[in-house]
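Engineer: Dropping a structure here in structure tokens format, bear with me for questions.
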Amino acid sequence: MSSKDSCWRLLRLAILLAAFLVQSRKGASYRDFVRQHIAHPRTRAPNLNTYCNRMMQRRGMTRGTCKAVNTFIIARPKAVQNICRRGGTRVNRHRDLYNSRRRFRVITCSNRGLYPRCQYVGKRETRRISVACAHTLPVHFERQRP
């Protein structure tokens, strides 16, 4: 095998590795979105504050710091994915931000404590939401809308 063949093989291997890493990162972003924001089925708790404290701990958002605010969407993942397809409208053509057409039940958890004693207060609402999408999957919760 010539050195020219070796160079081409190395280049092809590098391209395949780069494509794999990009694809893995896309999946991780969606997985992170689901871990942080999708709550289906909804965990049972006696009140919203207990719900928020349990969910924030279970989902790993109180490790090393208390996440200040987090919104849980009470819906099946497919319903939220649909915002990035037919169930949402693109905010502008320069950014992959989509507004949902339908309203979702959401629970917003706000921290009132100091690490390591994170104490969350929950608020339940039915709102439209905005998410950033990558390759037709939600990867970032932007905000709630009326």
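Yes/no per residue for (1) in a helix (DSSP H, G or I); (2) closer than 12 Å to residue 72 by Cα; (3) at pLDDT 95 or above; (4) not polar (S, T, N, Q):
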{"position": "21", "(1), (2), (3), (4)": "yes, no, no, yes"}
{"position": "31", "(1), (2), (3), (4)": "yes, no, yes, yes"}
{"position": "51", "(1), (2), (3), (4)": "yes, yes, yes, yes"}
{"position": "56", "(1), (2), (3), (4)": "yes, yes, yes, yes"}
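Engineer: Could you grab me the full set of residues in the stretch 124-143 that are loosely packed, with under 13 Cβ neighbours inside 10 Å and either in a strand (DSSP E or B) or basic (Lys, Arg) (or both)?
Structural biologist: 124, 126, 143
Engineer: I'm trying to understand the selection: among the residues of the stretch 82-123, which are within 20 Å of residue 39 (Cα to Cα) and free of Cβ contacts under 8 Å to residues at least 24 places away in the same chain?
Structural biologist: 82, 87
Engineer: If you go through the stretch 94-112, how many residues are loosely packed, with under 14 Cβ neighbours inside 10 Å, in contact with a strand residue (DSSP E or B) (Cβ under 7 Å, 6 or more places away or on another chain) and of a type outside the set (Lys, Arg)?
Structural biologist: 0
The values are calculated or read from the model by the stated rules, or taken from the named source; none is laboratory data. No experiment lies behind these values; they were computed from the predicted model shown. Backbone-built Cβ (ideal geometry, glycine too); neighbour counts: all protein chains shown.
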